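Remarks on the structure that follows.
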Amino acid sequence: MLTRRIARPEAEARIEARATPAECRELSALFELPAVHSVEAALAARPLPEGGLAVEGRVAARLGRLCVVTDEPFDQDFAEPVSRRYLPGLAEAEAHEVEVGALDEDGPDPLPPGGVDLLELVREVLALGLDPHPRAPDADIAALDYDPEEDEAPAGPFAGLAGLREPDE
């Protein structure tokens with residue numbers, strides 16, 4: 001079940017969670033996917049100094065997608081790494097600056113008092129990692145019956161009148 005919070009542990013803790021059918025339906029509706037067959041999160045949570053939390057691991061899913069070439073449904077495997085840092089009090093820490101190294105991809109996120117929402121973390125990973133133009137493995141754009149000259153036909157409110165006009169001689 002992904003609907004839970006990740007609290008700051010005293011030592012490194014392993015977190016393995018699988019989405020329930022209801023959570024899969026919710027994710028499917030949220031991302032307008034034909035189906036979300038399964039979602040799994042395999043993470044490690046470890047404490048950071050000053051009350052912070054680091055979460056690392058990966059999110060994997062089996063998704064139903066629609067091919068942008070053929071508009072046919074197909075299943076796609078999804079796997080993305082997760083690496084997040086959370087620090088308490090970032091929301092009200094306007095007076096304090098948080099230093100982010102030049103090699104860090106993202107700065108730390110604020111650590112909510114109740115812990116990190118695992119389902120929200122999975123939503124974020126999916127939102128950032130989903131291919132916006134999914135193509136089925138066997139989709140061949142060259143096999144489509146497409147005539148580019150059809151797109152060059154005149155369009156607009158007077159296009160129909162142009163056909164009524166007598167050709168100039």
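So which residues in the stretch 32-79 are closer than 22 Å to residue 118 by Cα and of a type in the set (Lys, Arg)?
Within the stretch 32-79, 46, 58, 62 qualify.
Quick check on residue 33: is it under 14 Å from the mean Cα position of the chain (by Cα) and surrounded by 15 or more Cβ atoms within 10 Å (Cβ to Cβ)? Show your work before the answer.
Working: under 14 Å from the mean Cα position of the chain (by Cα): yes; surrounded by 15 or more Cβ atoms within 10 Å (Cβ to Cβ): yes.
Yes.
Mind checking whether some residue in the stretch 84-103 is in contact with a Leu (Cβ under 8 Å, 6 or more places away or on another chain), among the acidic types (Asp, Glu), over 19 Å from residue 3 (Cβ atoms) and at pLDDT below 90?
no
Check 22, 60 and return the single one that is aliphatic (A, V, I, L, M) and surrounded by 13 or more Cβ atoms within 10 Å (Cβ to Cβ).
60
Any idea which of (1) modelled with pLDDT under 90; (2) out of contact with any Cys (no Cβ under 7 Å at 6 or more places or on another chain) is the one residue 139 doesn't satisfy?
Going through (1) modelled with pLDDT under 90; (2) out of contact with any Cys (no Cβ under 7 Å at 6 or more places or on another chain) one by one, residue 139 breaks only (2).
Going through the stretch 12-35 one residue at a time, which ones are farther than 14 Å from residue 2 by Cα and touching a helix residue (DSSP H, G or I) at 6+ places or on another chain (Cβ under 9 Å)?
30, 31, 33, 34, 35
The values are calculated or read from the model by the stated rules, or taken from the named source; none is laboratory data. Everything numeric here is computed off the predicted structure, so don't read it as measured data. Don't worry about glycine lacking a Cβ; one is built from the backbone with ideal geometry, like all the others, and counts go over all protein chains shown.
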